[in-house]
Amino acid sequence: MTDQEFRQKIERAADWKTSGIQEDPWLTQRVLNQVKEGERPMKKKLAFMPVLVFAIVAICAVALAATQLGLIANTAEQYQHQDADHSADIQVPELSIQPESDEATAEAAKDAVTGINAEIAAIAQEYVDQFKTSLDEGYHQDTIIEYEVLNETERYFTLRLMCYTASGSGAQSDYYYTIDLQTGKRLTLADLFTEGSDYIARITDSIAAQMKALTAENAENTFWLDDEDMPDFDLAEVVKNADFFVNGQNEVVISFDEGDVAPMSSGMVQFTIPADVLADIRAAL
């Protein structure tokens, strides 16, 4: 699912029908905070409930790498609910290793694939649990989880999990999972750079310069950088915890959730770091 398709789905879901049920304008942020900061439990099987649909499916094959390691993402679980005041459409992906993969690389990738699947299942479960809470407490709630194979090159495979929740106001949070197709390893940002390099400083400086340029072009492009009302904002610390992926041009892209570096109204914010900024400290590719 593309960004545009996902946004269209969000817009349709946000078209609430008028009712007398009270909204909770803070529930959205509580959901995101619990998912980001709470302990992520192991995957749990969702129970059947009246008017709730739970299905185990094996559909929607969306990717297959043609390198040493072949990966594919399928919809493993689906949770849906629809009534006048609540809507949930949750698609939970699961990565699997293709049988034609190089045996040694596939063996090395098992831990990465297992860990990613468990983490995604736990994230989805948090959203499902919060949605069930909205049903019990009578608040408007809208929850959508979709996924896509964002990028697949000869070296990298990146799965993107897109999570949206709304109760009075809406917020989106994305998760990126990148596996090195030559080693089978799940990559961290540090893995892309030589040991001991100042990659955080390089990335932070590049993003700060891009933010200032965007604000200079249009004063409505506001960021927390140098904001007098956000004296404790530390861009470098946010970069350390941000999601990332490598695009088709082998450039590092840093992705921030809504509210991380700019007002919530700015939505998801991404910055592509020019190749020449990092060229001398990138790990051998």
Task: Residue list for region 69-92, filter: buried (at least 21 other Cβ atoms within 10 Å of the Cβ) and among the aliphatic types (A, V, I, L, M) - done: Leu69, Leu71, Ala73, Ala76, Ala88, Ile90, Val92
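For region 256-265: of the residues being open to solvent by 50 Å² or more (accessible area, probe 1.4 Å) and more than 18 Å from Ala209 (Cα to Cα), which is farthest from the chain's Cα centre (by Cα)? I'd like the intermediate steps shown before the answer.
To start, the set of residues in region 256-265 that are open to solvent by 50 Å² or more (accessible area, probe 1.4 Å) comprises 260, 264-265.
Keeping just the survivors that are more than 18 Å from Ala209 (Cα to Cα) gives 264-265.
On the way: Met264: 16, Ser265: 18 Å.
Applying the filter and picking the extreme gives Ser265.
Working only within region 85-126, note down all residues that are outside any strand (DSSP E or B), under 18 Å from the mean Cα position of the chain (by Cα) and closer than 17 Å to Leu187 by Cβ. Spell out the reasoning first.
Step one: of region 85-126, the residues outside any strand (DSSP E or B) are 85, 98-126.
From the residues that got through so far, the ones that are under 18 Å from the mean Cα position of the chain (by Cα) too are 112-126.
Within region 85-126, Ala112, Val113, Thr114, Gly115, Ile116, Asn117, Glu119, Ile120 meet the criteria.
Taking region 269-285 on its own, how many of its residues are aliphatic (A, V, I, L, M), under 13 Å from Leu192 (Cβ atoms) and either within 24 Å of the chain's Cα centre (by Cα) or at pLDDT 95 or above (or both)? Show your work before the answer.
Within region 269-285, the first condition is being aliphatic (A, V, I, L, M), and the residues that meet it are 269, 273, 275, 277-279, 281, 283-285.
After this cut, where a residue has to be under 13 Å from Leu192 (Cβ atoms) as well, the list is 273, 275, 277-279, 281, 283-285.
With either within 24 Å of the chain's Cα centre (by Cα) or at pLDDT 95 or above (or both) added as a condition, the list becomes 273, 275, 277-279, 281.
The number of residues fulfilling the criteria is 6.
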- [ ] Among the residues of region 206-238, write down those that are touching a residue at least 24 places away in the same chain (Cβ under 8 Å), under 16 Å from Asp276 (Cβ atoms) and open to solvent by 50 Å² or more (accessible area, probe 1.4 Å).
- [x] Gln210
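Among the residues of region 133-154, is any over 14 Å from the mean Cα position of the chain (by Cα), aliphatic (A, V, I, L, M), open to solvent by 20 Å² or more (accessible area, probe 1.4 Å) and at pLDDT below 95? It would help to see each step written out before you state the result.
Pass one, region 133-154, residues over 14 Å from the mean Cα position of the chain (by Cα): 133-143, 152-154.
Restricting the remaining residues to those that are aliphatic (A, V, I, L, M) gives 135.
Restricting the remaining residues to those that are open to solvent by 20 Å² or more (accessible area, probe 1.4 Å) gives 135.
Pick out the ones that are also at pLDDT below 95 and you get 135.
Yes, the conditions are met somewhere in region 133-154.
Condition check ((1) acidic (Asp, Glu); (2) in a helix (DSSP H, G or I); (3) crowded, with 22+ Cβ neighbours inside 10 Å; (4) out of contact with any Pro (no Cβ under 8 Å at 6 or more places or on another chain)) across all residues:
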| residue | (1), (2), (3), (4) |
| --- | --- |
| Arg160 | no, no, yes, yes |
| Tyr164 | no, no, yes, yes |
| Ala171 | no, no, no, yes |
| Tyr175 | no, no, no, yes |
| Glu195 | yes, no, no, yes |
Task: Residues of region 239-255 satisfying the condition of being surrounded by fewer than 18 Cβ atoms within 10 Å (Cβ to Cβ) and of a type in the set (S, T, N, Q) - done: Asn241, Asn247, Gln249, Asn250
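The values are calculated or read from the model by the stated rules, or taken from the named source; none is laboratory data. Because the structure is a prediction, the values reported are computed rather than measured. When we count neighbours, we look across all protein chains shown, and the Cβ atoms used for this are built from the backbone with ideal geometry, even at glycine. Calculation scope for accessible area: heavy atoms of the full protein, side chains included, ligands and nucleic acids excluded. Shrake-Rupley method; radii C 1.70, N 1.55, O 1.52, S 1.80 Å.
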